[in-house]
Amino acid sequence: MDLSYTAAEEDFRARLREWLAKVLPTLPDRPSPDDWPGRRAYDLGWQRMLHDAGYADVHWDASPTTRLIFLEETERAGAPYVGANFVGLLHAGPTIAAEGTAEQRARWLPPVLRGEEVWCQGFSEPDAGSDLAALRTRARRDGDDYVVSGSKIWTSHAEVADWCELLVRTDPDAPRHRGITWLAMPMDAPGITVRPLRTLAGSAEFAEVFLDEVRVPVANRVGAENDGWRVTMVTLSFERGTAFVGEVVACRRVLRELARAARENGRWDDPVLRRRLGRLEGEFRALWRLTQWNVSVAEAGGGVPGTGASVFKLRYSHARQELYDAAADVLGPDCLDLDRPWVLDRLSSLSYTIAAGTSQIQRTIVAERVLGLPRGR
């Protein structure tokens, strides 16, 4: 498999670097982490800049390799992350691009690309996290609408979202994976209550969402009724595949910063720490190569990541946790100071073996779909 870049791809990289060098110094200061309306405005403003410069469509209309270059270069340059646009750009948007009708793509994709609308993800429930197929939120058909009741948890950016990619159970009598439907729910519909959740790191990017007889038009269904599990697998393939590309680049940068800090504070004299950082360097280099391989597979398969995304998600989650455990070793007692670099990142890294499918779920996917092992009984 050829993992090298073409001349056209390298030209795209050069033009993007030049543009980033010109515009990044002009950006305003980022708002406080607790200022979600301000963060929404900041993130949408950055997305509008990307749109006006011709870079907004890299997540859907460009090749997976071009998308990889874009995420790599924006992270290296220190450009704003997608932030509140995470679900729209990296989850719901690619899913609608792959599975939506022409009308749905025309309605929902341009506002995301132009930085006009924010999406949140309504998948997990209090009793259906890792076991997502156990979800209980019900949707009954009433004419041209679905009437939805239930609750969701860990709903990303719900407090500032315009739309929600929502999983509902439309046939309670069908086998668990066959009675689920994927809906696009307007967050201003009557009957929706949002309660923000504060995380261990002190942020509030997640929320509980309660749904009481919320009416969602049937026209907002992506895919066929009761075919939502298959559509969801498309969503999760993006979530576990290309969505973390920029973070791999960021982790490699943090690793270099850790090595520099260790040299400055004397921790570099510890051979155990040096070996640990060296092993992590090899780990993240391998993850970057795996990312390139997954992108090549997606390129050949119409743009949708394959099961290799689960291999990546499994190993990356643990490597990220190991990286920030190493950061605690470098910081020593200062690892308890929330104002020091990497401390909040260490706290947030604890969620990575849970978010986007737990490590146990990823191991099951790898065992059954990659290695061809029999299902457990």
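The values are calculated or read from the model by the stated rules, or taken from the named source; none is laboratory data. The shown structure was predicted, so the numbers you read here are calculated from the model rather than taken from an experiment. Every residue, glycine as well, gets a Cβ built from its backbone with ideal geometry; the counts of neighbours run over all protein chains shown. These accessible areas exclude ligands, DNA and RNA; they are computed on the full protein's heavy atoms, side chains included. Shrake-Rupley method; radii C 1.70, N 1.55, O 1.52, S 1.80 Å.
Assorted remarks:
- Cα gyration tensor category, rounded, prolate or oblate, for segment 119-225 with a/c compared to 1.5: oblate
- If you run the Gaussian network model on the chain, springs between alpha carbon atoms under 10 Å, then out of Asp127, Asp269, Asp29 the most flexible one is Asp29.
- The calculated 222 nm mean residue ellipticity attributable to helices in the chain amounts to -14500 deg cm²/dmol, summing -39500 (n - 2.57) over DSSP H runs of n ≥ 4 and dividing by all residues.
- Legend: residues Ser124, Ser351, Ser310, sorted from most to least accessible area (1.4 Å probe; ligands, DNA and RNA excluded), read Ser351, Ser124, Ser310.
- Pairwise FRET efficiency - Glu281 versus Leu373, Cβ, R0 = 35 Å, nearest 0.05: 0.65
- Remark: accessible surface ordering of Lys22, Lys313 (largest first) is Lys22, Lys313, probe radius 1.4 Å.
- Extreme residue, positive dipole direction of the chain, given options His51, Ile69, Thr199 (C-beta unit charges): Ile69
- DSSP H segments from the chain that extend 27 Å or more along their own axis, Cα-based, with Kyte-Doolittle mean of -0.5 or above: 245-265, 271-300, 308-331
- Ranking Leu113, Leu350 from most to least accessible surface, computed with a 1.4 Å probe over the protein chains only, gives Leu350, Leu113.
- For segment 1-131, a simple Cβ point-charge model (Lys and Arg +1, Asp and Glu -1, everything else neutral) yields a dipole of about 460 debye relative to the Cα centre.
- Loop-located GluC sites (Glu not before Pro) across segment 161-218 with a Cβ neighbour count of 14 or fewer within 10 Å are lacking, with loop assigned by DSSP.
- Normalised by the number of residues in segment 1-135, the mean separation of alpha-carbon contacts (under 8 Å, six or more apart) gives a relative contact order of 25 percent.
- Cβ-placed point charges (K, R +1; D, E -1), dipole of segment 119-225 about Cα centre in debye, nearest 20: 240
- Its Cα centre serving as origin, the chain has a Cβ charge dipole (Lys and Arg +1, Asp and Glu -1) of approximately 1080 debye.
- Relative contact order (percent, whole number), the chain, Cα cutoff 8 Å, 6+ residue spacing: 14
- Fraction of antiparallel bridges per DSSP, the chain only, in percent to nearest 5: 80
- Label-point gap, in nm, between Val272 and Arg138 - each point 7 angstrom along Cα→Cβ: 5.7
- The slack between Thr199 and Ala106, meaning 0.36 nm per residue of separation minus the straight C-alpha distance, is 29.9 nm.
- The GluC sites (Glu not before Pro) found in segment 90-137 include none that occupy coil by DSSP while having at most 10 further C-beta atoms within 10 Å.
- Computed with a 1.4 Å probe on the full set of protein chains, the accessible area for His51 sits at about 70 Å².
- The shape of segment 7-114 comes out oblate: with a ≥ b ≥ c from the C-alpha gyration tensor, a/c is at least 1.5 while a/b does not beat b/c.
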